[in-house]
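Input: a single structure, listed below in structure tokens.
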Amino acid sequence: MTFALDIKNLSKKYDNNFCLDNLNLSLPQGHIMGLVGQNGAGKTTTINLILNEITRDSGNIYIYGNDILKYEVQVKNDIGIVFDECCLPDLFTIVEIEKFISKIYSHWNHKLYSQYITLFKLPTNKAIKEFSKGMKVKLNLAVALSHNAKFLILDEPTSGLDPIVRDDVLDILMDFVQDNSHSILFSSHITNDLSKIADYIAFIHNGKLVFCKTKDELIYNYGIIHCNTALFNKLNSSDIIAYRKFACEWQALTSNRTLAQTKYPDSIVDAASIDDIILLYIKGEKNDRINY
């Protein structure tokens, strides 16, 4: 199997005692991975390490099999980047942006850039500072897609966008991976976006990878057991990942809701959304003996 991204034993410690701890994460070529977790969990640190913007303490990072340190120029030529804030000079127009950016990438495609500018209906005579947030995101995406990038890295690109613009962006991302050679790492708090397009979900909490699962496994297998105290006390610990006490019920996260419904017919077992899984893990009590 070819990996677009392969992270091995990656660690980074800061003076404030935050530590990205021995991260191992692989994204198969041709797929989209959603990166989720609280603010400060380590998502942006991971992205900055992938881009070699900060110095790692240990570990290795490979993009399409190439070590990012050894082949940095080559690798970055194959990466498109979209952050939640526009990093382009805000006094430039779209035309001036191209003159600047086209000198950075060896495979810049003027025709493709023009097609995206037309598709996104972006004004060519206005300075970037006059653009709305949605227009800036679309411009960033146009730049990221116009130099024949194979791998997109997106850090909260849809944050603050209206639903129509968000849907437009998601459609473009889905189109990008249709040839099975392009891949995307998509960090976002908007899990509904990830539910629509991601193939894998990687959950980072306090600098550690909690799990990396296919989205289908999470959606179709994971569940929330709703029960009273008497029923909760009868639950087998091997069936529970995390649990939480509410005013009128207990909620327990399970990785096999079909089995849970069979074993505990007097309880209600609902499907678990990505948000449900994250919230129960972060706010609930963990069953540390259970592996995801």
Relative contact order of segment 24-117: what whole-number percent is it, with Cα pairs under 8 angstrom and at least 6 residues apart? 14 percent
Under 5 Å between amide H atoms, partner at least 5 residues away or on a different chain: which partners does S267 have, H built in plane at 1.01 Å? none
Mean residue ellipticity at 222 nm from the helices of the chain, using -39,500 (n - 2.57) per DSSP H segment of n ≥ 4 over the full residue count, to the nearest 500 deg cm²/dmol? -9000 deg cm²/dmol
Can you list the residues, at least 5 places off or on another chain, whose amide H is less than 5 Å from the amide H of V210, using H built in the peptide plane? F203, I204, H205
Protection proxy ranking of 148-161, 65-78, 202-215 - average other beta-carbon atoms within 10 Å, highest first: 148-161, 202-215, 65-78
When only C-alpha pairs under 8 Å and at least 6 residues apart count, what is the relative contact order of the chain, in percent? 20 percent
What ³J(HN,Hα) values, in whole Hz, does the Karplus curve 6.51 cos²θ - 1.76 cosθ + 1.60 give for segment 178-188 when θ = phi - 60°, with x put for Gly and Pro? 5, 7, 6, 10, 7, 9, 9, 10, 10, 8, 7
Segment 131-192 versus segment 198-215: alpha-carbon centroid distance in Å: 20 Å
Between segment 1-55 and segment 87-117, the Cα center-to-center distance that results, in Å: 28 Å
Please report the carbon-and-sulfur percent of the accessible area for the chain; probe 1.4 Å, protein heavy atoms only, DNA, RNA and ligands left out. 48 percent
Segment 240-254 - phi-based ³J(HN,Hα) in whole Hz, Karplus 6.51/-1.76/1.60, Gly and Pro as x: 10, 9, 8, 8, 8, 9, 10, 4, 10, 6, 9, 10, 10, 8, 10
Could you report the chain's accessible area per residue, 1.4 Å probe, as an integer in Å²? 49 Å²
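The values are calculated or read from the model by the stated rules, or taken from the named source; none is laboratory data. Predicted, not measured: the structure shown is a model, and the values here were computed from it. In this analysis, Cβ positions are derived from the backbone assuming ideal geometry, glycine residues included, and neighbour counts consider all displayed protein chains. Ligands, DNA and RNA are stripped out before the accessible areas are found, and what is left, the full protein with its side chains, is counted by its heavy atoms. Shrake-Rupley method; radii C 1.70, N 1.55, O 1.52, S 1.80 Å.
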